[in-house]
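What follows is a set of notes on a single structure, which appears directly below.
The values are calculated or read from the model by the stated rules, or taken from the named source; none is laboratory data. Note that this is a predicted model, so its numbers are computed, not measured. Quick reminder, even Gly has a Cβ in these numbers, built from the backbone with ideal geometry, and neighbours come from all protein chains shown. Accessible surface is based on the protein model in full, side chains and every heavy atom, while ligands, DNA and RNA are left aside. Shrake-Rupley method; radii C 1.70, N 1.55, O 1.52, S 1.80 Å.
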Amino acid sequence: MPEAIMKVFRGISREAGEFKTYKVPVEEGMVVLDAIHYIQGFLDPELSVRWNCKAAKCGSCSAEVNGYPSLMCKTRMDRFPEGQEITVEPLKTFPLVKDLVTDVSWNYEVNKKIPPFTPKPDADWTFMQEDIERVQEFRKCIECFLCQDVCHVLRDHDRKDVFAGPRFFVRMAGLEMHPLDALNRAEFLKDHAGLGFCNITKCCTEVCPEEIHITDNAIIPLKERVVDEFYDPVLMFFKKIFGKS
Amino acid sequence: MADYEVHEHDVLVVGAGGAGLRAAIEASASGVSVGLVCKSLLGKAHTVMAEGGIAAALANVDAEDGWQTHFRDTMNGGKMLNNWRMAQLHAQEAPDRVRELEQWGAVFDRTREGKILQRAFGGHTWKRLCHVGDRTGLEMIRTLQDRGVHQGIDVYMECAVTRLLKDGQRIAGAFGYFREDGRYVVFKAKAVVLATGGVGRMFPVTSNSWEYTADGHALALRAGADLIDMEFVQFHPTGMVWPPGVRGLLVTEGVRGEGGILRNSAGERFMFKYLPEATRKDYAETEDEAKRWVDAAIAGQKTDARRPPELSTRDNVARSIYLEVKAGRGTPHGGVFLDISYQDAERVKRKLPSMYHQFKELADVDITRQPMEVGPTMHYIMGGVRVDADTGESRVPGLFGAGEVTGGMHGANRLGGNSLSDLIVFGRRAGLGAANYVKALNARPQCSDDEIKAAVEEMEAPFKRTDGKNPYELQRKLHEIMSTYVGIFREEKDLKTGIARLEELTDEVRHAAITGSKTYNPGWHMCHDLTNMMLAAQAIAQSALSRKESRGAHSRLDYPDTDPHLGKVNTSIYLEGGEVKLKQTPLPEMPEELKQLFVKKEATRNA
């Protein structure tokens, strides 16, 4: 049976931690998470990793495989040429807990602040499939946070204080475009979620395992809403003359 | 003694899948303080993997449907061993719970009239499963999660409860640890709702995630509750069989609901020959009739054709596949073929998107062009904590339960789609039951230092053993025992061997050891999870040995027939002096007006 050489990050701090090399037998159709489980089960029971479904439905096993933000359960070993070392390391954008596990609790704090679904009081709950196709695309999100990991506003500039990140623009787009939602989140998007920091480099879209068109379908339409609401020159002119409507 | 932190709540909910979240929302809405503990991150619980849909008699697609028919299907599917009251409440309340999800933001697929769309599933007379493609569980958990976080529920993520604390007979709280750094925690709580799910990780081929280590089953037993129906383990007929790394991964029943056809390696559509006599007339007789049913379903039209034989109940389809493979008519990787490729490719991708991606990415199979290879996978346990149908309370005052960890609702076999509805119907009821219990309580029960000390020592022990066993190796032994002796088909000598080997393994598990620190140490966590699985494994094996008949998911080679006498009893498992004990207890008897539903057969045919 062929062997893979896995270089896995081990440690409780990025500075003191190091890559440890393991040789793992490779079966047909194997994914990186299988290799990590092999290490846990046979070589090193202390190796820390998050996982749940092993079917790309829960978004738990996010890591950087050969530097690329990936779900380990979806990353096939045969994608890499035989003999090539495969490095697996934790997401860079979030604080390290241990080995491949990072502290993603910041995301849950952001989510709490989002104004929730608020249906129109007179809603009769009839709506057509074509009216929800877009919303259903956003609701495919499995919260793997790979988009958060790759976004340079968070990854390189660490603006977690002012920027909600692509995951939560997707969530807010799903709320804003729900046919029966009655709230307007434009001000929240502008002043509290930092939508303006996004300069649509589309990195988030590239890494999304659910293939959600994050930039084109969620972020750009939200930016348009904010522009319409706050920067429309005609509206601004009227507002100046007649005061706030 | 090691330090621990303390949190105080009125109600502590253990588990944050559909049942736990729904219980927490309801308890919190009743005005009590709620803590919610989950072993994983919020939103990752096993509910997220549910695919095909949620059963509720909304009658949006088939106007003939109603709670009585849903009730009857559920009881028939459970081979009449269900707790009738649970099955009744479930059928009556599921539609309201589904509408409520929609009002909380869930976005279900629509009918042409803009109502919630419903699809066919095994054992359901009418098209009854509300769904979002094949990711219904994700929709449900996200909806409940977002509802919950705006309601002031305190969520403790990546936290495992290892022991329930009591004050005399009453629940007083729970002890656990945080996975992140291993720090200990005591939750002082007047009531605890168990919503910990199932037991699948004791089997090597399972659709269940790592979390399913029988935690709630073991916690309840140790706290003095009893488990019923533990012999009934559901093997889902269609798990992936290849490649090895994904063996057991679920292939939604929705594939068959949308017209998927099962064939053996000889090309035979074998389900026709396995239909039980009692229900044969509900199913198509010929391939042509089955095709007319599928065509009509796709077109959204009525038909007099009956549903395809692939929509038989899960216990029956799983056994049939097992027998076909055993008879040498299996596929190259030891399964059978499940084929939906005869349908329009775009429709398949739209209706079953995650199946399409799952097979394409993990198995190099394009399901719009080729058949899938599938075989049985351990999926669900019908048995669990015995609770009151209306309130979810166990026989331990202050201990409640909801969802897969409880027993009774599904009897001897669960119908697909009845689990998600179970979660929200009984999650709500247990949350309400716990809140009402708390409000009626005069004083806060006290946690004893001795109990906490014992709980700490239990968790510290694996680090102190120098000659101990590797917990992963022990889990592999457990896998081997369960799959060899307590599988789909059972017989006395196997079960006896299995029980003896489980006893030996229980001794070994007491010596499980781990090195390193407490910081996110999965081997350490496994040491404790194993003790839970060993208890539940014994409960399953002993219950299976005691039930000398075949009924639903429990198939005995040495007792192939159903015994009417045993249809009137539940198998109850409890602990006495630390030993697993078993007795049979009478099945609650259905009132006369419900019995009538089984006398009158509806004249209408299934559309």
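Checked against the criterion of being crowded, with 16+ Cβ neighbours inside 10 Å, out of contact with any strand residue (DSSP E or B) (no Cβ under 6 Å at 6 or more places or on another chain), away from every other protein chain (no Cβ under 13 Å) and in contact (Cβ under 8 Å) with a residue 40 or more places away in the chain, region A:37-54 has no qualifying residue. Might you let me know whether region B:477-487 holds any residue that is in contact (Cβ under 8 Å) with a residue 12 or more places away in the chain and within 30 Å of B:V185 (Cβ to Cβ)? For region B:477-487, residues in contact (Cβ under 8 Å) with a residue 12 or more places away in the chain and within 30 Å of B:V185 (Cβ to Cβ): present.
Residues considered: B:K291, B:K302, B:K360. Of these, the only one that is within 14 Å of another protein chain (Cβ to nearest Cβ), surrounded by fewer than 21 Cβ atoms within 10 Å (Cβ to Cβ) and within 26 Å of B:D109 (Cβ to Cβ) is B:K360.
Just one of the numbered conditions (1) over 20 Å from the mean Cα position of the chain (by Cα); (2) within 23 Å of B:V255 (Cβ to Cβ) is not true of B:P397: (2).
Looking across region B:183-212, the residues that are more than 23 Å from the chain's Cα centre (by Cα) and among the β-branched types (V, I, T) come down to B:V185, B:V186. Among the residues examined, A:D158 qualifies as open to solvent by 40 Å² or more (accessible area, probe 1.4 Å), farther than 22 Å from B:R350 by Cα and modelled with pLDDT of 95 or more.
B:K600 passes every criterion in (1) more than 27 Å from the chain's Cα centre (by Cα); (2) modelled with pLDDT of 95 or more apart from (2).
Please indicate, with yes or no, whether at least one residue in region B:142-154 is farther than 22 Å from B:H9 by Cβ, in contact with a helix residue (DSSP H, G or I) (Cβ under 8 Å, 6 or more places away or on another chain), assigned to a loop (DSSP other than H, G, I, E, B) and open to solvent by less than 10 Å² (accessible area, probe 1.4 Å). There is no residue in region B:142-154 that is farther than 22 Å from B:H9 by Cβ, in contact with a helix residue (DSSP H, G or I) (Cβ under 8 Å, 6 or more places away or on another chain), assigned to a loop (DSSP other than H, G, I, E, B) and open to solvent by less than 10 Å² (accessible area, probe 1.4 Å). One residue stands out in region B:32-58 among those that are within 17 Å of B:S354 (Cβ to Cβ) and β-branched (V, I, T): the one that is nearest to the chain's Cα centre (by Cα), namely B:T47. Answer with yes or no whether B:A345 is open to solvent by 30 Å² or more (accessible area, probe 1.4 Å), hydrophobic (A, V, I, L, M, F, W, C) and closer than 16 Å to B:G254 by Cβ. So B:A345 does not fit the description; no. State which residue is farthest from the other protein chains (Cβ to nearest Cβ) when the search covers only region B:59-115 and only residues that are within 23 Å of the chain's Cα centre (by Cα) and assigned to a loop (DSSP other than H, G, I, E, B). Ranking the qualifying residues of region B:59-115, first place goes to B:M80. Scanning region A:146-201 for residues that are among the acidic types (D, E) and in a loop (DSSP other than H, G, I, E, B) yields A:D156, A:D158, A:D161.
Restricting to region A:13-39, count the residues that are at pLDDT 95 or above and of a type in the set (D, E). Within region A:13-39, residues that are at pLDDT 95 or above and of a type in the set (D, E) number 3.
Looking at A:E85, A:E3, A:E27, just one residue is within 14 Å of chain B (Cβ to nearest Cβ), over 20 Å from B:S209 (Cβ atoms), surrounded by fewer than 20 Cβ atoms within 10 Å (Cβ to Cβ) and not polar (S, T, N, Q), and that residue is A:E27. Evaluation of A:K92 against the conditions (1) assigned to a loop (DSSP other than H, G, I, E, B); (2) at the interface with chain B (Cβ under 7 Å from one of its Cβ atoms); (3) closer than 30 Å to B:L42 by Cβ shows that the sole unmet condition is (2). Within region A:100-107, the presence of at least one residue that is polar (S, T, N, Q), modelled with pLDDT of 95 or more and either over 23 Å from B:P522 (Cα atoms) or in a loop (DSSP other than H, G, I, E, B) (or both) is confirmed. Among the residues of region B:394-405, those that are open to solvent by less than 10 Å² (accessible area, probe 1.4 Å) and either in a loop (DSSP other than H, G, I, E, B) or of a type in the set (S, T, N, Q) (or both) comprise B:V396, B:G398, B:A402.
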